[in-house]
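Colleague: Pasting a structure here, questions to come.
What follows draws every value from the coordinates through simple rules; no lab data is involved. Remember, predicted model here, so these are calculated numbers, not experimental data. As a convention, Cβ positions derive from the backbone with ideal geometry for all residues, glycine included, and neighbour counts pool all protein chains shown.
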Amino acid sequence: MRIVLLGAPGSGKGTQCKSIVERYGLLHLSSGDILRKERAAGSDLGKKAQSYMDSGALVPDEIIIEMMANAIGKVPDTGFILDGFPRTVNQAAELDKSLNHSGQTIDIILNLDVNDSIILDRITGRRSCPQCGAVYHVRNLKPKNTGLCDNDGIELVQRPDDTPEVVANRLETYHEQTEPLVDYYKNKGTVFDIDANRSADEVKNEVFEMLDSLVIT
Ligand code: AMP
């Protein structure tokens, strides 16, 4: 099974991916996570991506396409779920081309639909553990001890691109450059729209119901 998960920043892509991966045994490929790891490692790729990420802009297509082609090339037969990639129509077309080359296609596209006002609240309240990547929210998903990760006790941080100014830019970037992808995929086949204004559990239940019916039939 090869899945693309579409949705604005803060629509819950990372959270849903975690649940999907646990249930269906797919590999989770998050372009944002890969970029953050490259930055933490101080690689050339990480350095090139830095200024774009910090301002809420997209990293140029050629950098991302090569990075993700490498990551997808290493995936075992069990399949994958893409999170945060593709993010432009050009990236999607390049992905299709490279999959076609090896006789593969994307099987399922899930589109998490959320209002901008909910996204702003979700992202600006988000805190994460710099060590293990666990994600919390200052009101909706508090750690047991304020400001500390439940898993390892490390001090939680706000991602530099989760501040209100940068989130506004990321949302604008999403509407301008990434939202057209929904139509790109709708023209090619089935996109499953999911109302993701609801709680993570409600969204997860609908996603599981839908994926179960596709996997079993
Ligand atoms: P995310 O964690 O998915 O919100 O990604 C964080 C940042 O990484 C984005 O705001 C972009 O600057 C960059 N990024 C992640 N994925 C892509 C992509 N597919 N194309 C371009 N830039 C990306």
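Colleague: Could you tell me the calculated FRET efficiency between Lys74 and Lys144, based on Cβ-Cβ distance and R0 = 41 angstrom, to the nearest 0.05? Walk me through the numbers before you get to the answer.
Modeller: Numbers: r = 36 Å, r/R0 = 0.88.
With a Förster radius of 41 Å, E is 0.70.
Colleague: Taking every DSSP beta bridge that has both residues in the stretch 2-216, what percent is antiparallel when rounded to the nearest 5? Please list the in-between numbers first.
Modeller: On the way: 6 of 24 bridges.
About 25 percent, rounded to the nearest 5.
Colleague: What is the chain's relative contact order, in percent, from Cα pairs under 8 angstrom and six or more apart in sequence?
Modeller: Values: 293 pairs, mean separation 63.1, N = 217.
Relative contact order, the chain: 29 percent.
Colleague: Positive end of the charge dipole of the chain (Lys, Arg +1 and Asp, Glu -1 on Cβ, about the Cα centre): tell me which of Cys17, Gln91, Ser117 has its Cα farthest that way.
Modeller: Selected residue: Cys17.
Colleague: In nm, to one decimal, how far is the modelled label at Asp195 from the one at Glu22, with both set 7 Å along Cα→Cβ?
Modeller: Taking the simple label geometry, Asp195 and Glu22 are separated by 2.5 nm.
Colleague: So, one more: Is any residue of the stretch 157-182 close enough, with backbone N under 19 Å, to a label point placed 7 angstrom from the Cα of Ser55 along the Cα-Cβ axis, and if so, which?
Modeller: Taking a point 7 Å out along Cα→Cβ of Ser55, the residues of the stretch 157-182 whose backbone N falls under 19 Å are 160-178.
Colleague: Going by Cα centres, the stretch 152-197 and the stretch 37-101 are how many Å apart?
Modeller: Cα centres, the stretch 152-197 to the stretch 37-101: 15 Å.
Colleague: Shifting gears a bit: Which FRET efficiency value, to the nearest 0.05, do you get for His175 and Glu155 by plugging their Cβ-Cβ distance into 1/(1 + (r/R0)^6) with R0 = 45 Å?
Modeller: Working: r = 34 Å, r/R0 = 0.75.
Using R0 = 45 Å, I get an efficiency of 0.85.
Colleague: Further question: If each residue of separation counts as 0.36 nm, what is the full-extension length gain between Glu66 and Lys47 once their alpha-carbon separation is subtracted? Don't jump to the answer; show the numbers that get you there.
Modeller: On the way: separation 19, 0.36 × 19 = 6.84 nm, distance 1.56 nm.
Roughly 5.3 nm would be gained on extension.
Colleague: Okay, next question. Eigenvalues of the Cα gyration tensor times 5, then square-rooted: what semi-axes does that give for the stretch 2-216, in whole angstrom, largest first? Walk me through the intermediate numbers first.
Modeller: Values: eigenvalues 133, 89, 63 Å².
The equivalent ellipsoid of the stretch 2-216 has semi-axes of 26, 21, 18 Å.
Colleague: Just order 111-123, 154-166 by mean Cβ neighbour count inside 10 Å, highest at the front, would you?
Modeller: On the way: 111-123: 16.9, 154-166: 15.1.
Packing order, densest peptide first, comes out as 111-123, 154-166.
Colleague: Next question. Given the options Leu6, Ala40, His175, identify the residue whose Cα lies farthest towards the positive end of the charge dipole of the chain (+1 on Cβ of Lys, Arg; -1 on Cβ of Asp, Glu).
Modeller: Ala40
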